[in-house]
Amino acid sequence: MSYNVVALIAITITAVISLLASHYISLFFLEETNSLFKIVQLIIAIVSMTTFYAPIKYLLFKYMDVQEEKE
């Protein structure tokens with residue numbers, strides 16, 4: 001597999017995890033009718049995307065034996 005395909009898979013996995021985590025964590029603290037619900041959900045999604053992307057990408061590269069392209 002190429003470097004770009006693995007990076008896209010990592011982004012997709014991270015996006016799904018962030019979507020689910022941000023929705024349920026926001027529901028835990030606020031009701032959906034609250035005006036701050038979407039703002040809190042966005043902040044949690046951004047934090048979880050930046051937190052989980054690098055480790056997931058590292059694990060995928062490690063277990064799929066992908067070599068980074070060197071120019």
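The values are calculated or read from the model by the stated rules, or taken from the named source; none is laboratory data. Model, not experiment: these values are computed from the prediction. Neighbour counts are summed over all protein chains in view; Cβ atoms, including those assigned to glycine, are modelled from backbone coordinates with ideal geometry. Protein only, heavy atoms only, side chains kept; ligands, DNA and RNA dropped before computing areas. Shrake-Rupley method; radii C 1.70, N 1.55, O 1.52, S 1.80 Å.
So here's what we get for this one:
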quantity	calculated
Test: residue in the stretch 52-64 that is free of Cβ contacts under 8 Å to residues at least 24 places away in the same chain, open to solvent by 100 Å² or more (accessible area, probe 1.4 Å) and either hydrophobic (A, V, I, L, M, F, W, C) or touching a Lys or Arg at 6+ places or on another chain (Cβ under 8 Å) (or both)	no
Scope the stretch 1-16; condition of a type in the set (A, V, I, L, M) and either part of a helix (DSSP H, G or I) or touching a strand residue (DSSP E or B) at 6+ places or on another chain (Cβ under 8 Å) (or both); matching residues	5, 6, 7, 8, 9, 10, 11, 13, 15, 16
Residue tally, condition free of Cβ contacts under 8 Å to residues at least 12 places away in the same chain, part of a helix (DSSP H, G or I) and either open to solvent by less than 80 Å² (accessible area, probe 1.4 Å) or touching an Asp or Glu at 6+ places or on another chain (Cβ under 7 Å) (or both), over the stretch 17-46	2
Filtered residue count, the stretch 1-10, keeping only those that are touching a residue at least 12 places away in the same chain (Cβ under 8 Å) and surrounded by fewer than 14 Cβ atoms within 10 Å (Cβ to Cβ)	3
